[in-house]
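S.K.: I have a structure I would like to understand better, so I am pasting it below and will then ask my questions one at a time.
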């Protein structure tokens, strides 16, 4: 998955029932393909942040922003370009292992900065939190083994802070 083929849009929304359904409905009605979607409350319990990764071919960025801006519960919308944002994702995977393969899988996961979460007689459950590219790498390496289950969270992203000497430009406390 390359960043050039996706828009990352974050929307700060009122933390109310039905808001996510309205946002998802807007995308469905317009035929916009959502590649990933992550929602969580913010430091303010009245607000949630929705991070939407949208396929560039299905949705021009200006149309997405314009349509989101029409929704009453949307407080703020921000497009995050790859060079202006920090993106992270979480991968959990359960891998079937025997005594010979177990150490190989553990080494691969550790080399990428991941961790073993659970150990069974015939399986390991591992995690990696990192850039989408690092998760792609781990997923590709794990395909050499028997993947019992795998799940990725989808991207979350925040804008990078801009340092100018001792001043931080993008820091804003709501």
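S.K.: Suppose the chain between residue 56 and residue 43 were pulled fully straight at 0.36 nm per residue; how much longer would it get relative to their current alpha carbon spacing?
M.R.: Values: separation 13, 0.36 × 13 = 4.68 nm, distance 3.04 nm.
Extending this stretch completely gives an extra 1.6 nm.
S.K.: Looking at the calculated P(r) for the stretch 16-64, what percent of the C-alpha pair distances fall above 16 Å? Display every interim value, and only then the final one.
M.R.: Working: 493 of 1176 pairs.
Above the 16 Å cut-off, the stretch 16-64 has 42 percent of its Cα pairs.
S.K.: On to the next question. In degrees, nearest 10, range 0 to 90: what is the angle between the Cα axis of helix 132-142 and the longest Cα principal axis of the chain?
M.R.: So the inclination is approximately 20 degrees.
S.K.: How big is the convex hull of the Cα atoms of the chain, per residue, in Å³?
M.R.: Per residue, the Cα convex hull of the chain comes to 153 Å³.
S.K.: Rg/Rh for the stretch 86-156: what does it come to with C-alpha atoms and Rh from Kirkwood? Can you show the working numbers first?
M.R.: Numbers: Rg = 11.4 Å, Rh = 12.0 Å.
Result: Rg/Rh = 0.95.
S.K.: Right, something else. Using alpha carbons only, how many degrees (0 to 90, rounded to 10) separate the axis of helix 61-70 from the longest principal axis of the chain?
M.R.: 60 degrees
S.K.: FRET efficiency for residue 161 and residue 29, Cβ-Cβ distance as r, R0 = 35 Å, nearest 0.05?
M.R.: On the way: r = 36 Å, r/R0 = 1.02.
With a Förster radius of 35 Å, E is 0.45.
S.K.: Then there is this: So for the stretch 1-92, what are the equivalent ellipsoid semi-axes in whole Å, largest first, each being the square root of 5 times an eigenvalue of the Cα gyration tensor? Walk me through the numbers on the way to the answer.
M.R.: Numbers: eigenvalues 77, 56, 29 Å².
In descending order the semi-axes read 20, 17, 12 Å.
S.K.: Fully extended, how many nm does the chain gain between residue 136 and residue 72 (0.36 nm per residue separation, minus their Cα-Cα distance)? Working shown, then result.
M.R.: Working: separation 64, 0.36 × 64 = 23.04 nm, distance 3.63 nm.
Using 0.36 nm per residue and subtracting the Cα-Cα distance, I get 19.4 nm.
S.K.: Related question: Could you work out [θ]222 nm for the chain from helices alone, using -39500 (n - 2.57) per DSSP H run of at least four and dividing by all its residues? Round to the nearest 500 deg cm²/dmol. Could you put the intermediate results ahead of the total?
M.R.: Details: 4 runs with 46 residues, N = 174.
That comes out to -8000 deg cm²/dmol.
S.K.: With a cut-off of 8 Å between alpha carbons and a minimum separation of six or more residues, what is the relative contact order of the chain in percent? Present the calculation step by step, with values, prior to reporting the outcome.
M.R.: Values: 299 pairs, mean separation 42.8, N = 174.
The value is 25 percent.
Just so you know, all these numbers are worked out from the coordinates, no wet-lab data involved. Since the structure is predicted, the reported quantities are computational estimates derived from the model, not experimental observations. Glycine also receives a Cβ, built like all others from the backbone with ideal geometry; neighbour counts cover every protein chain displayed.
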